[in-house]
Amino acid sequence: MTDSFLTQQPGNTYVAPAFNSCCLSHFGSHQGAKNMPEPEDNSSLTDLDKRLRAARERQEKVNKPASRNQAEMASGMAVGFRIAVEIVAALIMGFGIGYYLDLWLGTKPWLMIIFFFLGIGAAFINVIRVAKQLENKKRFRDTREDDAE
């Protein structure tokens, strides 16, 4: 281990070889070293801690509404995309089922038209269901916030 930058001393302590050869022999063993004593005057550290905590609290109050608004906006976009996908999916399914039933039964275009309108009805039902879920989620969140206060 003479080629390495650090050498291992007894007690799993690693010391630079230059320090080991010149300084440890002069100052004595590093194993008997004591920890640095705590300063007797902690008032400046306590004051700094109080100021840091106050600054963090102010920063959290400033950032919390912005992050909440961003989360609500992202949630709103997600709901909008979900509703759009459910509407399109219901219309495509209704049209597709009607089209293939028309091909199978030879009743073009009547079943396709009927199932397209059934798809529109399913889309409205899905939108109402999503709106009720959102309302229940908001009501639950509001009651939980009221309980926390």
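Some points to look at:
- Residues of segment 97-116 that turn out to be part of a helix (DSSP H, G or I), without any contact (Cβ under 8 Å) to a residue 24 or more places away in the chain and in contact with a helix residue (DSSP H, G or I) (Cβ under 8 Å, 6 or more places away or on another chain), as a count: 12
- On the stretch given as segment 117-138, residues that are exposed (fewer than 12 other Cβ atoms within 10 Å of the Cβ) and touching a residue at least 40 places away in the same chain (Cβ under 8 Å) total 0.
- Criterion (in a helix (DSSP H, G or I) and either surrounded by 12 or more Cβ atoms within 10 Å (Cβ to Cβ) or modelled with pLDDT under 70 (or both)) met by exactly one of Arg82, Arg53, Arg58: Arg82
- Members of segment 85-116 found to be buried (at least 17 other Cβ atoms within 10 Å of the Cβ) and among the small types (Gly, Ala, Ser), listed by number: Ala90, Gly94, Gly98
- A residue that is over 14 Å from Ala90 (Cα atoms), modelled with pLDDT under 90 and either assigned to a helix (DSSP H, G or I) or out of contact with any Lys or Arg (no Cβ under 7 Å at 6 or more places or on another chain) (or both) occurs somewhere in segment 125-134.
The values are calculated or read from the model by the stated rules, or taken from the named source; none is laboratory data. In this text the structure is predicted, and so the values were computed from the model without any measurement. In this analysis, Cβ positions are derived from the backbone assuming ideal geometry, glycine residues included, and neighbour counts consider all displayed protein chains.
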